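Here the structure is laid out as structure tokens; the discussion comes afterwards.
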Amino acid sequence: MPQDLIQIEKSEHLSTYKSAWYLRLYKHSQDGLVKLQRVLESCLNGFWLGVLSYGSLQKIDEIYYSDDKSYYSTEYNKKGLKQWEKKAVDEYFTDCPTLLLTAAGGGREAYHLLKLGFEVDAYECHPGLTDFANKLLIQEGFRSSVKVAPRDECPAVGKKYDSSIVGWGAYTHIMGRERRIKFLRQIRVQLNENAPLLISFWSRTNNNWRHKSIARIGNTLRFFLNRERLEIGDDININFVHYFTEREIRLEMKEAGFDLIFYSRKPYGHAVGVASDK
């Protein structure tokens, strides 16, 4: 091979090697930036969960659901039950004519459950969403059935129901295990034995470094502010959220008087429990 061609090949090989090295360096720097962003986000979320009181987090949640106009849309609330909701209702809520619905939002679940023939009594803590839900139901020919309830509570009306649903994702916004169990117990005492309960939530499979870091940072601040401790899985995504493991759902249901009979993380975390006779 002529010497000049050999030199050209060597030059091209060196250029390719340098390009590959630059590419690897670029990729590593991008990966490092993503990891740094995750660390900073965890620190930031831990800080805000540490300094914000329960009342402040409630207020943020109220503002969020006041500002997000999608929940005040007739089109959205008439879209129907989500596929996983419909499947759960079809499988576990047959022969359950009376239904207690909490966290009813703008009326999406109430409207479609009423269309399916359920006798629904519903509660919602946000006054604006409650008003919209009742206007929608009246407009569609149903009686106004959504009442305002205190946040994270289910009022007792001295009536027994055949089934219950906690509105989409609402369980994930209740802060604190004891508060969630109290809420479930308030539902349980109003249900007949073996009545099904559907809840939905954000899920996790383990205690990863992100959630451990958030809890560690937040609890350091809460110790000095003399506030209730955060749990691993607590996070903030504009408003407060808790990511659940299957074990957490099972134990919280059990302590509240329900036996877990179905659990799924996809397409959205949800579980069905039945009111225990014990």
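Any read-out appearing in this document is the output of simple, stated calculations on the displayed coordinates, not a laboratory observation. Quantities reported herein were computed from a predicted structural model and do not represent experimental measurements. Every residue, glycine as well, gets a Cβ built from its backbone with ideal geometry; the counts of neighbours run over all protein chains shown.
Assess whether Arg247 counts as being outside any loop (DSSP other than H, G, I, E, B) and either under 23 Å from Ala122 (Cα atoms) or not polar (S, T, N, Q) (or both). So Arg247 fits the description; yes. Checked against the criteria, Leu184 does not count as touching a residue at least 12 places away in the same chain (Cβ under 8 Å), in a strand (DSSP E or B), within 14 Å of Ile249 (Cα to Cα) and out of contact with any Pro (no Cβ under 7 Å at 6 or more places or on another chain). How many residues are within 19 Å of the chain's Cα centre (by Cα) and either outside any loop (DSSP other than H, G, I, E, B) or under 20 Å from Lys86 (Cβ atoms) (or both) when one looks only at segment 147-169? The qualifying residues number 6.
Within the bounds of segment 66-73, is there any residue that is farther than 25 Å from Gly176 by Cβ and surrounded by 14 or more Cβ atoms within 10 Å (Cβ to Cβ)? For segment 66-73, residues farther than 25 Å from Gly176 by Cβ and surrounded by 14 or more Cβ atoms within 10 Å (Cβ to Cβ): present. Assess whether Ile236 counts as being buried (at least 16 other Cβ atoms within 10 Å of the Cβ) and part of a strand (DSSP E or B). So Ile236 passes the test. In the set Asn237, Asn192, Asn207, Asn219, only one residue is without any contact (Cβ under 8 Å) to a residue 24 or more places away in the chain and not charged (D, E, K, R); that residue is Asn237. Which one is surrounded by the most Cβ atoms within 10 Å (Cβ to Cβ), of the residues in segment 102-124 that are on the phi < 0 side of the Ramachandran plot and out of contact with any Ser or Thr (no Cβ under 9 Å at 6 or more places or on another chain)? Filtering first and then ranking leaves Glu109. Can you list residue pairs whose Cβ atoms sit under 8 Å apart, with the first residue in segment 64-91 being basic (Lys, Arg) and the second being surrounded by 15 or more Cβ atoms within 10 Å (Cβ to Cβ)? Count only pairs 6 or more apart in sequence or on different chains. Within 8 Å, the pairs are Lys78/Arg108; Lys78/Tyr111; Lys78/Leu136; Lys79/Arg108; Lys82/Trp168; Lys82/Tyr268. Is it the case that Arg177 is basic (Lys, Arg) and under 25 Å from Trp48 (Cβ atoms)? Yes, satisfied.
The conditions are (1) touching a residue at least 60 places away in the same chain (Cβ under 8 Å); (2) under 21 Å from Gly269 (Cα atoms); (3) in contact with a strand residue (DSSP E or B) (Cβ under 8 Å, 6 or more places away or on another chain), and Arg108 fails exactly one of them. Which is it? Result: Arg108 passes all but (3). If I filter segment 253-269 down to residues being part of a strand (DSSP E or B) and of a type outside the set (D, E, K, R), which single residue comes out as nearest to Ser163 (Cα to Cα)? Taking the candidates together, the pick is Phe258. Scanning segment 42-54 for residues that are more than 19 Å from the chain's Cα centre (by Cα), over 9 Å from Gly218 (Cβ atoms) and in a helix (DSSP H, G or I) turns up Cys43, Leu44.
Being under 20 Å from the mean Cα position of the chain (by Cα) and outside any loop (DSSP other than H, G, I, E, B) is the filter; apply it to segment 187-208 and report the residue that is nearest to Lys87 (Cα to Cα). Ranking the qualifying residues of segment 187-208, first place goes to Leu198.
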